[in-house]
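Enquirer: Please find one structure pasted underneath; my questions will follow.
The values are calculated or read from the model by the stated rules, or taken from the named source; none is laboratory data. Just so it is clear, the structure is predicted and the values come from calculations on it, not from any experiment. Backbone-built Cβ (ideal geometry, glycine too); neighbour counts: all protein chains shown. The accessibility values were calculated without ligands, DNA or RNA, using every heavy atom of the protein model including side chains. Shrake-Rupley method; radii C 1.70, N 1.55, O 1.52, S 1.80 Å.
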Amino acid sequence: EALESYQRMIAKVPHDPVPYYYAGLSLTALKRHSEAIVQYEKALELAPNWLDAYYNLANAFSDIGNYAKALYYYELASQLAPNNASVFLDWSVALKRTGQLERAQEKRQRALQLKPSFASMPVVSGS
């Protein structure tokens, strides 16, 4: 129902990036990542400096295994928010999945510097 609501908002106000972004979140929750990507890209077309849209776009690409694009969008997100621990943590996971272990460790360390409580998370501790 939320997705339908955002789709109605998009029809009414097609130049507003917000409903595209939230439609992307709804589609992500439904595991419809390819459709979510389209919505995040549209949000970014309308609001090119929106950190959350870059971050969720990177996560969506990572979820479908397109790590090249995921890494590209994590990089852009990190430029917009160089102190966002979540960006660096998820970036490290994507790097690890591509075998870039040294770079993954660097991003992981940056995430831990920014948010030490991440050390207890399984994805960070290596569990």
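Enquirer: Which residues, counting only those in region 1-17, are among the aliphatic types (A, V, I, L, M) and either open to solvent by less than 70 Å² (accessible area, probe 1.4 Å) or within 25 Å of Ser86 (Cα to Cα) (or both)?
Expert: Across region 1-17, the qualifying residues are Ala2, Leu3, Ile10.
Enquirer: How many residues are open to solvent by less than 90 Å² (accessible area, probe 1.4 Å) and more than 18 Å from the chain's Cα centre (by Cα) when one looks only at region 100-113?
Expert: Total satisfying the criteria: 4.
Enquirer: Another question, if that's okay. Being at pLDDT 95 or above and among the small types (Gly, Ala, Ser) narrows it down to one of Ala94, Ala2, so name that one.
Expert: Only one candidate qualifies: Ala94.
Enquirer: Listed residues Tyr40, Tyr20, Tyr55; which is open to solvent by 40 Å² or more (accessible area, probe 1.4 Å), modelled with pLDDT of 95 or more and hydroxyl-bearing (Ser, Thr, Tyr)?
Expert: Exactly one of Tyr40, Tyr20, Tyr55 is open to solvent by 40 Å² or more (accessible area, probe 1.4 Å), modelled with pLDDT of 95 or more and hydroxyl-bearing (Ser, Thr, Tyr), namely Tyr55.
Enquirer: Looking only at region 73-92, count every residue that is part of a helix (DSSP H, G or I) and either over 12 Å from the mean Cα position of the chain (by Cα) or exposed (fewer than 15 other Cβ atoms within 10 Å of the Cβ) (or both) and tell me the total.
Expert: Result for region 73-92: 5.
Enquirer: Now, a different point. For residues that are touching a Pro at 6+ places or on another chain (Cβ under 8 Å) and among the hydrophobic types (A, V, I, L, M, F, W, C), scanning just region 18-51, find the one that is farthest from Val87 (Cα to Cα).
Expert: The extreme case among them is Leu46.
Enquirer: Please verify whether Tyr67 is under 21 Å from Lys107 (Cα atoms), of a type in the set (Phe, Trp, Tyr) and surrounded by fewer than 16 Cβ atoms within 10 Å (Cβ to Cβ), treating the condition exactly as stated.
Expert: Judged against the criteria, Tyr67 is not a match.
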